[in-house]
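Below are the structure tokens for one structure; questions will follow.
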Amino acid sequence: MKITSCLAWAAAFAGITVVFLPPPVGVEPLVMRTAGIVMLTIGLFATAVIPEFLSALIFFFLCIILAVAPPDVVFSGFFSGAVWLVIGGLIIGIGIESSGLGVRIASTLERIFGQSYFRVVTGIVLLMLVLAFLMPSAVGRVTIMLPVVLALADRLGFEAGSNGRAGLTLAVGMGTLVPPFSILPANVPNVVLSGAAEAVHGIQFSYTDWLILHFPISGVFGLFGLPIAICILFPQKVINCSKIIIDCRKPWSFNEKKLLVLLVITLSLWATDNLHGISPAWISLGAGIICALPIVGILPANQVLPKMNFGPIIFLAAVVGMGTVVTQSGLGENIAQILIAKMDLAAESGLQKFVSVIGLGWILQLVTTLPGQPAIMTAISEPIAIATGWPLSTVLMTQVSAWALLIFPYQAPPLVATRVISGLPISKFIRLMIPFALFGAFISLPLQYLWWKFLGYIPS
């Protein structure tokens, strides 16, 4: 039996056991039932021993049958903007592929980045970082860029299943997530933390302070560390097969022109959402609808459904819903309080405190996923600040350092979107994410601690 199957069976057994165990003193039965379902679900998500959509349906079914939350909470993922942003993005992606625009843009990227695999991967990570300064929606950046990068993979001769295709895909997914954690409006967890800190504690983080604290270490580490890790773990030589694909010098078709105009408008609306107030999700969905409309669109509507895979979208809704269920049930706060009670933060050294607080956030994001973790961590940050003797703002900011230590793709919607669009197996994500997280824990975190000490953000 494969190790993944063993892990899945172990998670299932542990989850079922927890559901039926009598709760410890002070713990509600609801929290125990939620914990059991979450253990089972995470085991299925992480091992992928059954199709993702089936794991998602099991989560929905158990939550309703065991009454851990009302339907509007369990199925809250379908009300999330992330799901509809991906649906719109998938339609746009089909248009990019069918019109030939993706190939045309890919050929331009090919000329810029050259024939070196390392340069291509580095260029993609850098491009995703630049887009993060312009576009606040991480899932939006994935849905727009991934079809283009997959076309680039075709031009470079990276076939399905190859290391090169996996490497370029992961450069988009991880590149849109890890370095941009250092940019305040560039990811949902950043925004949740900022909003929760102001609402709960009255603390406001400025764009500049956030950038100074995080970009010189975590941002730069992601920018340079990701390409190195990808090229080591997914080695590949460029095999140029672009001769079988149209050359970028070919005259533009009418559909390409229409789609380019639509993409420019979409990107502009995403970049200015703070001004007009329209969610990136509805901008994406609107652009997708226009793509499939008769006359004005660029692809027949009857081509959309056959090319859409709704299974991973159900998976995305379950990931978002799980975070909401964990938060609403009180499971996340219970886990946090238990861990805090077992920590002796006052007796630890400065670096030990730093690692312990980040470790707490890391454990929470395993069960709450990134959109939900900052809400819980922010709520319990005050007792942590008292125990450590650190300013509350410092404790709040440690969450950002934990986010880069992801080990499973289900933890972050942009990675789920990358999985949805590319079809890349979960095992390929984990091959990169676990070593990169370990590398970050031993290299990036100590440097981050020293940098914060230098800035006076951590008391001596």
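Please go through (1) surrounded by fewer than 21 Cβ atoms within 10 Å (Cβ to Cβ); (2) in contact (Cβ under 8 Å) with a residue 12 or more places away in the chain; (3) in a helix (DSSP H, G or I) for Leu415 and return the number of the only condition it doesn't satisfy.
(1)
Let me ask another. Scan the range 82-102 and give yes if some residue there is crowded, with 23+ Cβ neighbours inside 10 Å and either touching a Lys or Arg at 6+ places or on another chain (Cβ under 7 Å) or of a type in the set (Ser, Thr, Tyr) (or both), otherwise no.
No, the conditions are met nowhere in the range 82-102.
Could I ask something else about it? Please determine, by comparing only the residues of the range 295-326 that are at pLDDT 80 or above and not hydrophobic (A, V, I, L, M, F, W, C), which one is surrounded by the fewest Cβ atoms within 10 Å (Cβ to Cβ).
Here the answer is Thr324.
Could you check Ala48 against (1) farther than 16 Å from Ala8 by Cβ; (2) under 18 Å from the mean Cα position of the chain (by Cα) and say which number it fails?
Condition (1) is where Ala48 drops out.
Where the second residue is surrounded by fewer than 24 Cβ atoms within 10 Å (Cβ to Cβ) and not hydrophobic (A, V, I, L, M, F, W, C) and the first is under 12 Å from Gly321 (Cβ atoms) and lies in the range 366-378, which pairs have Cβ atoms under 6 Å and are six or more apart or on separate chains?
Going by the 6 Å Cβ cut-off, the qualifying pairs are Gly372/Thr327.
How about the range 127-161: which of its residues are of a type in the set (D, E, K, R) and part of a helix (DSSP H, G or I)?
Once the filter is applied, which keeps residues that are of a type in the set (D, E, K, R) and part of a helix (DSSP H, G or I), the range 127-161 yields Arg141, Asp154, Arg155.
Taking Ile212 as the residue in question, decide whether it is closer than 26 Å to Thr369 by Cβ, touching a helix residue (DSSP H, G or I) at 6+ places or on another chain (Cβ under 9 Å) and modelled with pLDDT of 90 or more.
No, not satisfied.
Also, I was wondering about something else. What residue, among those in the range 327-347 that are of a type in the set (Gly, Ala, Ser) and surrounded by 15 or more Cβ atoms within 10 Å (Cβ to Cβ), is nearest to Leu360 (Cα to Cα)?
Among residues in the range 327-347 that are of a type in the set (Gly, Ala, Ser) and surrounded by 15 or more Cβ atoms within 10 Å (Cβ to Cβ), the one nearest to Leu360 (Cα to Cα) is Ala336.
List the helices (runs of 4 or more DSSP H) inside the range 261-342, counting only whole elements, that have at least 3 residues being free of Cβ contacts under 8 Å to residues at least 12 places away in the same chain and under 19 Å from Leu131 (Cβ atoms).
Correct list: empty, since no element meets the threshold.
Follow-up question, since we're still on this one. One residue is enough: does the range 110-126 have a residue meeting the conditions assigned to a helix (DSSP H, G or I) and touching an Asp or Glu at 6+ places or on another chain (Cβ under 7 Å)?
The answer is no; no qualifying residue exists.
Still on this model: Among the residues that make up the range 392-401, is at least one of them part of a helix (DSSP H, G or I), in contact with a helix residue (DSSP H, G or I) (Cβ under 7 Å, 6 or more places away or on another chain) and free of Cβ contacts under 8 Å to residues at least 60 places away in the same chain?
yes
Just to be sure, is Gly164 under 23 Å from Phe436 (Cβ atoms) and more than 17 Å from the chain's Cα centre (by Cα)?
Here the answer is yes, as Gly164 does meet what is asked.
Could you please let me know if Ile50 is crowded, with 19+ Cβ neighbours inside 10 Å, at pLDDT below 90 and not hydroxyl-bearing (Ser, Thr, Tyr)?
No.
Results for (1) crowded, with 23+ Cβ neighbours inside 10 Å; (2) of a type outside the set (Phe, Trp, Tyr); (3) closer than 30 Å to Thr327 by Cβ, shown as yes or no for each residue.
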site: Asp154; (1), (2), (3): no, yes, no
site: Gly157; (1), (2), (3): no, yes, no
site: Asn163; (1), (2), (3): no, yes, no
site: Gly167; (1), (2), (3): yes, yes, no
site: Leu170; (1), (2), (3): yes, yes, yes
site: Thr176; (1), (2), (3): yes, yes, yes
site: Ile183; (1), (2), (3): no, yes, yes
site: Ala186; (1), (2), (3): yes, yes, yes
site: Ser194; (1), (2), (3): no, yes, yes
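Restricting attention to the range 5-18, and to residues there that are under 24 Å from Ala341 (Cβ atoms) and hydrophobic (A, V, I, L, M, F, W, C), which single residue is nearest to the chain's Cα centre (by Cα)?
Filtering first and then ranking leaves Ala14.
Further question: Give the residues of the range 123-133 that are buried (at least 16 other Cβ atoms within 10 Å of the Cβ) and within 19 Å of the chain's Cα centre (by Cα), sorted by residue number.
Once the filter is applied, which keeps residues that are buried (at least 16 other Cβ atoms within 10 Å of the Cβ) and within 19 Å of the chain's Cα centre (by Cα), the range 123-133 yields Ile124, Val125, Leu126, Leu127, Met128, Leu129, Leu131, Ala132.
Can I ask one more? Out of Ile105, Ile124, Ile112, report the one residue that is out of contact with any Cys (no Cβ under 8 Å at 6 or more places or on another chain) and without any contact (Cβ under 8 Å) to a residue 40 or more places away in the chain.
Going through Ile105, Ile124, Ile112 in turn, the sole match is Ile112.
Scanning for something at positive phi and surrounded by fewer than 24 Cβ atoms within 10 Å (Cβ to Cβ), does the range 350-362 turn up at least one residue?
So far as the range 350-362 goes, no, none of its residues is at positive phi and surrounded by fewer than 24 Cβ atoms within 10 Å (Cβ to Cβ).
I would also like to ask the following. Could you grab the pairs with beta carbons closer than 7 Å, sequence gap of 6+ or different chains, first residue in the range 31-55 and over 18 Å from Thr369 (Cα atoms), second one not aromatic (Phe, Trp, Tyr) and not in a helix (DSSP H, G or I)?
Hits for this filter: Met32/Leu21; Met32/Pro23; Arg33/Leu66; Arg33/Val68.
Does the range 345-362 include one or more residues that are closer than 25 Å to Leu447 by Cβ and charged (D, E, K, R)?
So far as the range 345-362 goes, yes, one or more of its residues are closer than 25 Å to Leu447 by Cβ and charged (D, E, K, R).
Would you point out which residue out of Ile380, Ile376 is at pLDDT below 85 and over 22 Å from the mean Cα position of the chain (by Cα)?
Ile380
If you don't mind, there's one more thing I want to ask. I need a count of the residues in the range 254-280 that are surrounded by 13 or more Cβ atoms within 10 Å (Cβ to Cβ) and either on the phi > 0 side of the Ramachandran plot or of a type in the set (Gly, Ala, Ser) (or both).
The qualifying residues number 2.
The values are calculated or read from the model by the stated rules, or taken from the named source; none is laboratory data. All figures in this text were calculated on a predicted structure; none of them were measured in a lab. Counting neighbours? That spans all protein chains shown, and the Cβs are built from the backbone with ideal geometry, glycine included.
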